[in-house]
1. With a bin width of 10 angstrom, please list the P(r) values of region 1-97 as percents of all Cα-Cα pairs, from the 0 bin to the one holding the largest distance.
2. Counting every Cα pair in region 139-178, what percent are over 12 Å apart?
3. Taking only the Cα atoms of region 46-87, how large is their convex hull per residue, in Å³?
4. Please report how far the C-alpha centroid of region 107-170 lies from that of region 64-87, rounded to the nearest whole angstrom.
5. Which length gain, in nm to one decimal place, applies between residue 11 and residue 175 when the Cα-Cα distance is subtracted from 0.36 nm times their residue separation?
6. How about residue 168: which lysines have a C-alpha closer than 23 Å to its C-alpha, ignoring those fewer than 8 places off in the same chain?
7. Short version: what are the Cα gyration tensor semi-axes of the chain, square root of 5 times each eigenvalue, largest first, in whole Å?
8. Based on the Cβ-Cβ distance from residue 107 to residue 27, what FRET efficiency comes out when R0 is 30 Å, to the nearest 0.05?
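The values are calculated or read from the model by the stated rules, or taken from the named source; none is laboratory data. As the structure is a prediction and not an experimental result, all values here were calculated from the model. Cβ sites come from the backbone with ideal geometry, for glycine too, and all protein chains shown count toward neighbours. Please note that ligands, DNA and RNA were not included when accessible areas were found on the heavy atoms of the full protein model with its side chains. Shrake-Rupley method; radii C 1.70, N 1.55, O 1.52, S 1.80 Å.
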Amino acid sequence: MNQEKIKLFKKKNAVFFDRDGVLNVDYGYVHKKQDFVWIKGAIKTIKYLKELGYILIVITNQSGVSRGFYTEKEVIELHNWMNKELSKQIKIVIDDFFFATELPDEKNINSRRKPSPLMINEAIKKHNICRNNSFLIGDKDSDLWAAKNAKIKGFLFEGNDLFDSIQKILKKIKSNRSNIK
């Protein structure tokens, strides 16, 4: 089997990010670039994780669409803008974005809204991701439940500097792996 075919079958490691409150300051229903402010250390974290070989995926609830505050097209435009900014600043982009538009109280078995694992599972399938070597970082319990429901590790970001938090997370993961051996 040639090297290209082997690469297709090799599972990849990923970091899943919640968006609002983790990558950007959560002012509530952020959907315009002029309202978007990167969290301290977010860009440095994205660059660092990419250099470590992780696939980077955003998993975000965007109920503002169902509430009529903005459209799916505006969510996609903001995500495209984020990648343009990252490309300009650090020559790196986020690999994929997944978002759910359902309201929190919708009782829908097919809901993609976190804490449902559906968005994570879609990304795992689409990008051939290894669950054991991947994790999610979020700022809410629903993020951590989504990770648990998808059978990946989840870590709570409590604010301040995302790069400092990711250093602690990676140290914890490395320590857990060495304790298993």
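1. 14, 45, 26, 11, 3, 0
2. Values: 487 of 780 pairs.
Of the Cα pairs, 62 percent sit more than 12 Å apart.
3. Details: hull volume 3.0 nm³, N = 42.
Hull volume normalised by residue count: 71 Å³.
4. If you average the Cα positions of each part, the centres end up 20 Å apart.
5. Working: separation 164, 0.36 × 164 = 59.04 nm, distance 2.19 nm.
Gain on extension, residue 11 to residue 175, equals 56.9 nm.
6. 12, 40, 44, 47, 50, 140, 148, 151, 153, 181
7. On the way: eigenvalues 127, 75, 63 Å².
After diagonalising the Cα gyration tensor, the semi-axes are 25, 19, 18 Å.
8. Numbers: r = 29 Å, r/R0 = 0.95.
Efficiency, from the Cβ-Cβ distance: 0.55.
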